[in-house]
């Protein structure tokens, strides 16, 4: 995807960050997952099953991804299995409970706060891509 460069009021980004925190609280309230845990399950659903590719796709450090996977494992949503390609590494498999949660995440109902909704609309207009 092509990078988009626009002039913005950098100070207004704070409002978007606050809106994202509100979304994380709503996700946690409905699912007991942090936003990163939820996004990790969604990313796995797109075919990423090894921790390094999950971390790369999500823009997270390997150590942060390890903590997220530890938490998802403790909650029963994933299992770590020896990789079939490289026995020195692991693969992530979503459990039946994790599959049910992923289905929930695909249909979750969230109120998008004002500043984030405006930012999304402006991005869609500027790029022609529906988010």
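The values are calculated or read from the model by the stated rules, or taken from the named source; none is laboratory data. All figures in this text were calculated on a predicted structure; none of them were measured in a lab. Every residue, glycine as well, gets a Cβ built from its backbone with ideal geometry; the counts of neighbours run over all protein chains shown.
A few notes on this one:
- Matching residues, segment 115-131, being within 19 Å of residue 25 (Cβ to Cβ) and in contact with a helix residue (DSSP H, G or I) (Cβ under 9 Å, 6 or more places away or on another chain): 115, 116, 117, 119
- Single match in 43, 121 (criterion: in a helix (DSSP H, G or I) and within 30 Å of residue 9 (Cα to Cα)): 121
- Looking only at segment 52-65, residues that are part of a helix (DSSP H, G or I) and within 14 Å of the chain's Cα centre (by Cα) come to 8 in all.
- Any hit, segment 15-22, residues being surrounded by 12 or more Cβ atoms within 10 Å (Cβ to Cβ), modelled with pLDDT of 90 or more and farther than 30 Å from residue 125 by Cβ: no
- Just one of (1) in contact (Cβ under 8 Å) with a residue 60 or more places away in the chain; (2) under 25 Å from residue 18 (Cα atoms); (3) touching a helix residue (DSSP H, G or I) at 6+ places or on another chain (Cβ under 7 Å); (4) part of a helix (DSSP H, G or I) fails for residue 30. It is (3).
- Scanning segment 14-47 for residues that are within 8 Å of the chain's Cα centre (by Cα) and farther than 16 Å from residue 105 by Cβ yields a count of 0.
- Pair list, Cβ under 8 Å, 6 or more apart: segment 87-101 residue in contact (Cβ under 8 Å) with a residue 24 or more places away in the chain and at positive phi, other residue surrounded by 16 or more Cβ atoms within 10 Å (Cβ to Cβ) and outside any strand (DSSP E or B): none
- Qualifying residue in segment 58-70 (condition: closer than 30 Å to residue 7 by Cα and surrounded by 13 or more Cβ atoms within 10 Å (Cβ to Cβ)): yes
- Segment 96-109, subset part of a helix (DSSP H, G or I) and in contact with a helix residue (DSSP H, G or I) (Cβ under 8 Å, 6 or more places away or on another chain), residue modelled with the lowest pLDDT: 106
- The condition (being surrounded by 14 or more Cβ atoms within 10 Å (Cβ to Cβ), modelled with pLDDT under 95 and not in a strand (DSSP E or B)) is satisfied by just one residue among 49, 73, 91: 49.
- Residue that is in a helix (DSSP H, G or I), in contact with a helix residue (DSSP H, G or I) (Cβ under 9 Å, 6 or more places away or on another chain) and touching a residue at least 24 places away in the same chain (Cβ under 8 Å), where the choices are 112, 68: 68
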